[in-house]
Amino acid sequence: MAQEFRTGNDLWILPDPLLSENERGSTIAKPYAFVQTKFNEFFPQFSPNGKWIAFYSNESGRNEVYVTPFPGPGARHRVSSAGGTYPVWRRDGKELFYVSADNRVASASVEMKGGTLQVGNVEALSGPLSGLNQFDVSANGQRFLAILPPEGDSGEPLTVVLNWAAGLYKR
């Protein structure tokens, strides 16, 4: 008996439902699996020119950032080398930012030549930032927007109410 292939979290393409039949051809626009492996793939991001998709996966045994051509086929390129999540493209597509395993924002220069992608210099830009996960970057890659938890003690007391439901029925 053959072992059943099970996938992890996969990346799916949802075709534009507003395309006319002429624009999409004679096929009915249906969602389809784009990256489907036994590993988990997360947080897909189209490049600004729409020809590449960045995402992160645990394929190597830890989360790493990858880029693959869209609509395919083509080789998948690993961008991070020491862990990475939450990729975000610079608007011109020449840089890919991500959160490294040590919670720093990292930057990888990328160059797209024809159907190939070359990953250049990778460097940590900031951090470590406690609780950093998702973020966005300005068009020129010089400013970042992130939601971070408050640092240190907030000074607000914590009140725990036990048996609170019983108080609802007192008269």
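FYI, it's all coordinate maths here, none of it is from the lab. What you see is a predicted model; the values in this text were computed from it and never measured. Counting neighbours? That spans all protein chains shown, and the Cβs are built from the backbone with ideal geometry, glycine included.
Examine the range 122-133 for a residue that is over 16 Å from the mean Cα position of the chain (by Cα), free of Cβ contacts under 8 Å to residues at least 12 places away in the same chain and not in a strand (DSSP E or B), and state whether such a residue exists.
no
Just the residues that are outside any loop (DSSP other than H, G, I, E, B) and surrounded by fewer than 14 Cβ atoms within 10 Å (Cβ to Cβ), please, taken from the range 32-73. Give the steps one after another, and end with the answer.
Restricting attention to the range 32-73, the residues satisfying the condition of being outside any loop (DSSP other than H, G, I, E, B) are 32-35, 41-46, 52-57, 64-69.
Within the range 32-73, Tyr32, Ala33, Phe46 qualify.
Of the conditions (1) closer than 18 Å to Ser47 by Cβ; (2) part of a loop (DSSP other than H, G, I, E, B), Ser107 satisfies every one except a single condition; which number is it?
The one condition Ser107 does not meet is (2).
Sort through Asp102, Asp136 and tell me the only one that's part of a loop (DSSP other than H, G, I, E, B) and either in contact (Cβ under 8 Å) with a residue 24 or more places away in the chain or in contact with a helix residue (DSSP H, G or I) (Cβ under 9 Å, 6 or more places away or on another chain) (or both). First the steps, then the outcome.
Details: Asp136 fails: part of a loop (DSSP other than H, G, I, E, B).
From the options Asp102, Asp136, the qualifying one is Asp102.
Can you name every residue in the range 77-118 that is closer than 25 Å to Ile147 by Cα and of a type in the set (Asp, Glu)?
Asp92, Glu95, Asp102
Can you confirm whether the range 153-169 contains a residue that is surrounded by 16 or more Cβ atoms within 10 Å (Cβ to Cβ) and in a loop (DSSP other than H, G, I, E, B)? Walk me through how you get there before you give the answer.
Step one: filter the range 153-169 for residues surrounded by 16 or more Cβ atoms within 10 Å (Cβ to Cβ), giving none.
No, every residue in the range 153-169 fails to be surrounded by 16 or more Cβ atoms within 10 Å (Cβ to Cβ) and in a loop (DSSP other than H, G, I, E, B).
Name the residue, out of Asn121, Asn133, that is of a type in the set (S, T, N, Q) and under 22 Å from Ile147 (Cα atoms).
Asn133 is the lone residue from the list that is of a type in the set (S, T, N, Q) and under 22 Å from Ile147 (Cα atoms).
Could you please give the count of residues in the range 74-99 that are charged (D, E, K, R), under 21 Å from Asn9 (Cβ atoms) and either in contact (Cβ under 8 Å) with a residue 60 or more places away in the chain or buried (at least 18 other Cβ atoms within 10 Å of the Cβ) (or both)?
The qualifying residues number 0.
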